[in-house]
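One structure below.
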Amino acid sequence: MKLLISTFIVFLIYCILLLGAENQVEVGALVAVAFVASLVGKKLGFMDRLAIAVSQHSSFPAIASVVGVLIMMAVFHNSHFALLMLATVLIYAIVCLGLNIQFGYVGIVNFAGAAFFGIGSYTAAVLATHTAVPHLLVLFIAATISALIGSILIYPVLRTRGHYAALVTIAFGILFRNFLEVNDTLGGPQGLKIPPLTIFGWNLSEGIQVGGIELSFYIPYLLIALILLVATFRITRNLERSWIGLSMDMVRTDEIAASTFGVNIAHWKIVAFTLGNFVAGLAGALYGMMTAYVAPNNFTFADSLILVSIVILGGIGNPWGIIPAAAIVVILPEKLQFIQEYRFLLYAIVVILILLFRPDGLLPRRIRNYFPGKKAGEQE
Amino acid sequence: MALLEIDHINTAYDRIDVLEDVSIKVERGQITCILGANGAGKSTLIRSILGLTPANRGKIIFNGADITHLPTHRIIGQGIACVPEGRRVFPRMTVDENLSVGAYLVGDQKVIQERRDRVKTLFPRLAERANQLAGTMSGGEQAMLAIGRSLMSSPELLIFDEPSLGLSPLFVKENFKIIKEINEMSTTVLLVEQNVRQTLAIAHCGYVIAKGQVVAQGSASELAENSEVQAAYFG
Amino acid sequence: KDTVKIAYIGPLTGGVSANGIGGRNSADLAVRLKNQDPNAKYKYELVAADDECKPNVGVQVATKIASDSSIIAGVTHYCSAVAMSTVDVYHKFGLPVMVWGAVLPEITYGNDYKEVHRVNGTMINQNEVAAKFLTGLGYKRWVIIHDTTDYGKGHNKYFSQFLTKNGGQILGTFGVTADQQDFTAELTKIKELKPEVVYFGGLTPIGIRIRTQMDRLGIKAVFEGTSGIKSDAYIEGLGKLSEGSLSFIEGAPWEKLPGGLGFIAKYNQQKYPDAPEAYGPFAYTAANLIMDAIEKAGPDRKKVMAVLNNTQNVETIIGKVSFDDHRQNVVPLISKYVAQDGKWVVWEDSLYAKGQRKLGQ
Amino acid sequence: MNSAKSKILEASNLTMRFGGVTALDSLNLHVNEGEVLGLLGPNGSGKTTFFNVITGLYRATAGNVSFRGQDLTDASAQEVYLHAITRTFQRSRLSLPLTVFDNIAIGDNRRLNTGLFFNLFARDQFEKEYDRVVEQVRALLLTFNPQLAAKIFEPVASLPMIDRRRIEICRALISEPDLLLLDEPSAGMTHDETAEVMNDILQVRSKIKPFTIILIEHEMGLIQRMTERCIVLNYGKKIAEGTYDEIVSNREVQVAYLGQE
Amino acid sequence: MPFDIFLQYLLNGLMLGVIYAIVAVGFTLYFGVLDVIKFSHGDILMVGAFAGLTTYIGIAGTFESPWLQLLVLVFISLSVAAFLGAVIARYLILPLQKAPPINTLLVTLMLGLALREMVRLFYPNGSNPKPFPRLLPTDGIALGEFTLRSDSLILLATGIITIIAVQRLITKSKIGLAIRAVAQDSETARIMGINFHQIVLITFMLGSALAALAGLMNGLYYNEVNFSMGLLLGVIGFSAAVVGGLGNFYGAIVGGFLFAALQTVGAVLFPAIMPSVPSAYKDVFAFTMIIIIMGLKPTGLISEKSSERV
Ligand SMILES: Nc1ncnc2c1ncn2[C@@H]1O[C@H](COP(=O)(O)OP(=O)(O)OP(=O)(O)O)[C@@H](O)[C@H]1O
Ligand SMILES: Nc1ncnc2c1ncn2[C@@H]1O[C@H](COP(=O)(O)OP(=O)(O)OP(=O)(O)O)[C@@H](O)[C@H]1O
Ligand SMILES: CC(C)C[C@H](N)C(=O)O
Ligand SMILES: [Mg+2]
Ligand SMILES: [Mg+2]
């Protein structure tokens, strides 16, 4: 437990420093420290010890993460940009949790993640601009629309597998963006403005004062993102640790054996695909409201690839992997702004290096444990 | 000097030791068999010989040369062929193509054609199905193909890992006959089998492995009498 | 001297990065020159950021820049969609910015934000001239190709309007994507339509491709481009084929103004590896206007904004700059260019205007 | 044993063609309630194909299958399973990254509650069901191999072949099927091991109910010991039917299958 | 439609199709060995084209005959790409061999990004399009509105010959057999005496050289190259390979021509039939058709023979 808490504190300080880092020296030093630390940590068997500690206190990482985000929120209470980045990381993590259900569990690689994210944003834009639907409801309607539009693809997705299924989603992703761009009813290439989130008449984009302290207007978005993330995370976790997760794993690993034992392949694929798109749409709607603007260029094929990258980089199937992976993919290019036009080159190289060092992703999926903590007692 | 000499090897998968201090000699021109219960480490031994899961201690000498740490294709190149555990035919290739891969190291097209014809006389079913994708063949048909494929290179040492698994009684007999014939044409054979009676009937000598160690060895007739073998196979 | 930070935002990576990097270098040049000026009250530092030409990234960097109170003002955005998405951010944070390349009218006219200024003209001005000019030369039959970005679509919209008003006839309109490689299908159809002029609303890369493929198919129409192709890269990329292509750009022809020539000379002196591209001079001008305002009002966002709002008749390398009630530079002049012997030449000085060469040969 | 011998499964004129290959050729056969039927035949004679057609993995080219009077010819694999028919595969088909428990538990899919609400939100109830299934799997494993029961939460990938076969059999047994199809369960095992596994199956059978078994085997000793009746296929046709003694003395069977001249 | 115009469309479609098909063949090759989408294929194509361009600038004036120039250019460009392919295989692909295959996707994706950015940043004035020399004879015949130039014919023939050659290499030669064996079961391939590492390297060299060839053809046909040319070509090549039917070279050809046809129809015929739909919808049209085709033929137009059994 001591180990856990101290690791948590060190890590938290690191995150705060990184988020706050402005200039090249600071960022460079922090990235280097991370690299060295992970190498040394591996050498000293630190990761193993940590893993053991985590398995003994299985609820620690979840609580620590939430507390960590809240602490960072407090530290950065009025630095908008840090909060925006933090909220973006959380929102990306939400989408990727959705994709992870599709990809990590039933094995459908969705190369149109950004499209479903975009459907959420666009729905939010249209509903929030033209209707009086309460905004929290808008989030859920947007998610539902995303899932519904996804159902157009269900027929080809169910019939195809592997690369063939990949092509279906790739085609949809490209088609979606092209459609938005050439079709003027949704703003065409310029896109649409989205009014800020208003909850019970309270406009979230206006700064807030609490006890004389000026709080950034991103704080409410961050909080909502955090709540949604925790909810999706719980649901994904429960999903994985249930008969549903088991059925989905069977669908992914062996369709023939699965169907011989009564697993309804189509049903689980539909559930996973729809659920994933729902989550992507949900996150997209929140993201749209936070950035207040949608345009087709936000949802290119390249963006879909970034989402898939997060899932792979994190370690396919492990929801815990997604969070650090999302942080790396979202924050790293941003923190590299100081090298301007060279930043993508460096970013690509860093990701390649990470994969060479951790070929299975940052946190590879572990074997299913329906009720962690319980197993040890039962086994002996 | 023996054709293949395995000298005190240890082999492990992810740090878990499977073979411990195993020493085996395969004499030139003989059929040497390896017996042992499930999970004893027979296939692991073969993987070590082939360099797929290299031994982490000890030495493997083939034809006087140390092959312990050579890459697999080089080991095969020294004159070894193998029917691997689980047959492992190339599923999306036809029967004929599978046979061609078996002759990958053979240069002469005529020789390949001759051997292909011989395999097809041995297993008429393969001739019937020359253009069927191997993956769609029945279990036993795939076993025939795997055996046929291993005959395509003419190796000095042929290693069989449970070749008669899944074959009908007729073909099991046929199979042992073939192995014997091959051996009589001066190919050395290392045979792993569960079918102890028939194996001991054609083998010259053998080893019994249990839990990763050699627990008995001797000539075929000695082994048939051996109490370990009795215990392991005949209850 | 105190150091004052100003920001530059543009696309430094991705397909249109040449323009973004050219703009960045130009703004950087302005800052360097200012810092050499002994009379300047402050030392300036340029904080450059990449918007990738993507609205969401734009919002991100705009937030970063705008929420950094040490930054007084910004030279921002080449891409219209990005500019559209960020004006709210600037308004919210009260950061005065000057758009240096995005041409969509709504960026200034679509809101009433005192923070947002624009030195370059909108596509409206440009297309009015473009349509009048060629109908004036007696051409009647047009085909329009435009890319489906806001830039291309906007140009299509305004050009079509002005062209019909001026009596030109549109035989067909073809939208193409910005990353398209092959245009032979569209061009074959165009060949069948037999236009006199092919109007192209889009940027250099596909401009080059379309012009090359026109030649491959043997289409002998006048190639009328927009500001998007007025780049050295266009001429370099086409070689001889560029001959006779037309382009229009807002502002006076800076090549002919003394300040403009000075700009290019100094730019070359600094040995930037990339060209300033068509909109470099605008970024340069914007940076200068901002620094001048800071000199005048001190490093204070509100005061700088007030000075910028009232910019009238200021001499710059792109001509006089005056802002209207939407802080849009009322561009008095649209320059017409024609590619001649491997150079962009101001139309009035060209052999074409003199009747010694004919377009579309 | 039930001597009224009601038929549990009936195949009539069952034909399965793959391109030029006729794997089942107008096959007629029936299986009696509660019996252990041996299905023999040379390699490639259509035994596995017969299983695949019955379990809905292949759609028969022609002919019918009925199970307890219900037509199963066009039933999907999932529907067949719901009729309480389970099987093992000739080549082991386990999900290697999953645990022993997972691989077996899925066999009881029919009785697992896969409702969204139940699984995601009613975790207390789910835990109760989970505990029950763990007990069931453990009990089953204990019958087969107590050592394996200790590895219940380990991934299958690390287990030897024989344990994988056991797991496959457990997966087929856990849902307490009415008809169990075993495809060469002895492949790769020694005599003893085979005998042990078969005894275990019979033990489970005696514990739950006298379900029917169709056994594909090349190991004649096993056939002799286990089966009450045998059917021999060749080129997708039935060439003999009867008790073990009857078929081994059949001339055609001897030539085509047993290899006795 | 007048006949001459129709011929012109046909020729355009064929040219486009053959370029797509060559890219698709590259993908087919990689699917074989890696069973993964190699997202850097298009960028290797671009690097090949730039290598050709650089060579041209380097040898300018050295050789009189454009044919000789062309030969040198092709040789160097293909060699550079092959070398690059070998390096990628050795340092990025083989080390990840034991990881889930999809991870190779991420590595190649990042590699593509890195290559693209490197050309953009470090090639002189790399962010702008570059003119590609016209080395092929441009004389031709005109038939009404139909222009047929000999460079088109040469490129078309080169493309088709290359595809057939690769097809023969893969299906008939020993090396092809080895490549397929490695693809289906690398361990057993090794047991057959196949040098696994060498085959992976060779495949990557071959695939990369093929990409470079496609890049050069693209350059020679359009007389223009740019750093992002590989992006879209990569996606289309992938689509063509898949829609045609994986692992099948005829599938790649069919897919390539199908895609070209869809785009041509989408840009011209479709708006002509439905005047309310502008030509800008062509990609929407093409990709919608792809989704529909995949729904109808889930394993591609030339269906993969199923080898799965139970
Ligand atoms: N890839 C692997 N990873 C971890 N352990 C393994 C692996 N392969 C085999 N083992 C273990 O090694 C031991 C020996 O296995 P091996 O396959 O060599 O046995 P065998 O004698 O060939 O048995 P069989 O008769 O089943 O073929 C077994 O306990 C098995 O669980
Ligand atoms: N999907 C398929 N495509 C083509 N042929 C097939 C397919 N499945 C089976 N066959 C052929 O049908 C015949 C019957 O195969 P099946 O697997 O039923 O044989 P089997 O009796 O189980 O043989 P074994 O004892 O060898 O397992 C074989 O010749 C096989 O090659
Ligand atoms: C098309 C864009 C990339 C650039 C153009 N200047 C605009 O206003 O949008
Ligand atoms: Mg074995
Ligand atoms: Mg079978």
(request) Taking A:LEU192 as the residue in question, decide whether it is at pLDDT 85 or above and away from chain E (no Cβ under 11 Å). (result) yes
(message) Every residue in the range B:8-33 that is assigned to a strand (DSSP E or B) and under 19 Å from B:GLU156 (Cβ atoms), please.
(response) B:ILE24, B:LYS25, B:VAL26, B:ILE31, B:THR32, B:CYS33
(message) What's the total number of residues in the range D:15-36 that are buried (at least 22 other Cβ atoms within 10 Å of the Cβ) and within 16 Å of ligand 5 (Cβ to nearest atom)?
(response) 4
(request) Mind listing whichever residues of the range C:172-205 are surrounded by fewer than 19 Cβ atoms within 10 Å (Cβ to Cβ) and more than 27 Å from the chain's Cα centre (by Cα)? (result) C:GLU192, C:LEU193, C:LYS194
(message) Out of everything in the range C:306-356 that is more than 30 Å from C:GLU295 (Cα to Cα) and among the hydroxyl-bearing types (Ser, Thr, Tyr), what residue ends up being farthest from the chain's Cα centre (by Cα)?
(response) C:TYR352
(request) Within the range A:202-212, identify whether any single residue is modelled with pLDDT under 90, of a type in the set (Gly, Ala, Ser) and part of a helix (DSSP H, G or I), and answer yes or no. (result) no
(request) Test D:GLU217 against the stated conditions and say whether it is of a type in the set (D, E, K, R), closer than 21 Å to B:LEU170 by Cβ and out of contact with any Cys (no Cβ under 8 Å at 6 or more places or on another chain). (result) yes
(message) facing another protein chain (nearest Cβ under 8 Å), out of contact with any strand residue (DSSP E or B) (no Cβ under 6 Å at 6 or more places or on another chain) and either surrounded by fewer than 21 Cβ atoms within 10 Å (Cβ to Cβ) or without any contact (Cβ under 8 Å) to a residue 40 or more places away in the chain (or both): is that true of A:THR274 in this structure?
(response) no
(message) Name the residue that is farthest from the other protein chains (Cβ to nearest Cβ), counting only residues in the range C:102-120 that are part of a loop (DSSP other than H, G, I, E, B) and either within 16 Å of ligand 5 (Cβ to nearest atom) or touching a strand residue (DSSP E or B) at 6+ places or on another chain (Cβ under 7 Å) (or both).
(response) C:VAL119
(request) Report yes if D:ALA187 is small (Gly, Ala, Ser), out of contact with any Cys (no Cβ under 8 Å at 6 or more places or on another chain) and surrounded by fewer than 20 Cβ atoms within 10 Å (Cβ to Cβ), otherwise no. (result) no
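Residue under question is A:ALA231, and the condition is that it be among the small types (Gly, Ala, Ser) and under 30 Å from A:SER79 (Cβ atoms); does it hold?
yes
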(request) Could you pull out the residue among D:ILE208, D:ILE213 that is in contact (Cβ under 8 Å) with a residue 12 or more places away in the chain and more than 29 Å from D:ALA256 (Cα to Cα)? (result) D:ILE208
(message) So, in the range B:183-229, how many residues would count as being hydrophobic (A, V, I, L, M, F, W, C), touching a residue at least 40 places away in the same chain (Cβ under 8 Å) and in a loop (DSSP other than H, G, I, E, B)?
(response) 1
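For every residue, the table says whether it meets (1) at pLDDT below 90; (2) more than 23 Å from D:MET226 (Cβ to Cβ).
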position	(1), (2)
D:MET1	yes, no
D:SER6	yes, no
D:LEU24	no, yes
D:PHE50	no, no
(request) Return yes or no: is C:TYR78 within 18 Å of the chain's Cα centre (by Cα) and assigned to a strand (DSSP E or B)? (result) no
(message) Name the residue that is farthest from the other protein chains (Cβ to nearest Cβ), counting only residues in the range C:121-164 that are surrounded by 24 or more Cβ atoms within 10 Å (Cβ to Cβ), among the aromatic types (Phe, Trp, Tyr) and closer than 21 Å to C:ALA102 by Cα.
(response) C:PHE159
(request) Give, as residue ranges, the helices (runs of 4 or more DSSP H) completely inside the range B:85-180 that count at least 1 residues that are among the β-branched types (Val, Ile, Thr). (result) B:95-102, B:109-122, B:139-151
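List the helices (runs of 4 or more DSSP H) that sit entirely inside the range A:1-80 and contain at least 2 residues that are within 24 Å of A:LYS335 (Cβ to Cβ) and within 24 Å of the chain's Cα centre (by Cα).
The helices (runs of 4 or more DSSP H) meeting that bar are A:2-20, A:24-43, A:60-75.
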(request) Within the range E:1-40, work out how many residues are closer than 18 Å to C:PHE183 by Cα, facing another protein chain (nearest Cβ under 8 Å) and surrounded by fewer than 20 Cβ atoms within 10 Å (Cβ to Cβ). (result) 1
(message) Are there strands (runs of 3 or more DSSP E) fully within the range D:1-107 with at least 2 residues that are more than 14 Å from every other protein chain (Cβ to nearest Cβ)? List them.
(response) D:7-18, D:21-32, D:36-40, D:62-67
(message) I need every pair where a residue in the range B:126-153 that is within 11 Å of chain D (Cβ to nearest Cβ) has its Cβ under 6 Å from the Cβ of a residue that is of a type in the set (Phe, Trp, Tyr) and more than 6 Å from ligand 2 (Cβ to nearest atom), sequence separation at least 6 or different chains.
(response) B:MET144/B:PHE123
(request) For the range B:74-83, name all the residues that are surrounded by fewer than 22 Cβ atoms within 10 Å (Cβ to Cβ) and either basic (Lys, Arg) or facing chain E (nearest Cβ under 9 Å) (or both). (result) B:ARG74, B:GLY77
(request) Output yes when any residue across the range D:153-166 is part of a loop (DSSP other than H, G, I, E, B), surrounded by fewer than 18 Cβ atoms within 10 Å (Cβ to Cβ) and within 16 Å of ligand 4 (Cβ to nearest atom), and no when none is. (result) yes
(request) Filter the range B:139-197 for residues that are over 13 Å from the mean Cα position of the chain (by Cα) and either polar (S, T, N, Q) or on the phi > 0 side of the Ramachandran plot (or both) and give the result. (result) B:GLN142, B:SER153, B:SER154, B:GLY166, B:SER168, B:SER186, B:ASN195
(request) Working only within the range D:78-115, note down all residues that are within 16 Å of ligand 1 (Cβ to nearest atom) and of a type in the set (Lys, Arg). (result) D:ARG91
(request) Return only the number of the condition from (1) touching a residue at least 40 places away in the same chain (Cβ under 8 Å); (2) among the small types (Gly, Ala, Ser); (3) at the interface with chain B (Cβ under 7 Å from one of its Cβ atoms) that E:ALA183 does not satisfy. (result) (3)
(message) Among the numbered criteria (1) modelled with pLDDT under 90; (2) more than 25 Å from C:LEU217 (Cα to Cα); (3) at the interface with another protein chain (Cβ under 8 Å from one of its Cβ atoms), which one does E:ASN223 miss?
(response) (2)
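The values are calculated or read from the model by the stated rules, or taken from the named source; none is laboratory data. Just so it is clear, the model here is predicted, and its values are computed rather than measured. With ideal geometry, Cβ positions are generated from the backbone for all residues, glycine too; neighbour counts draw on all protein chains shown.
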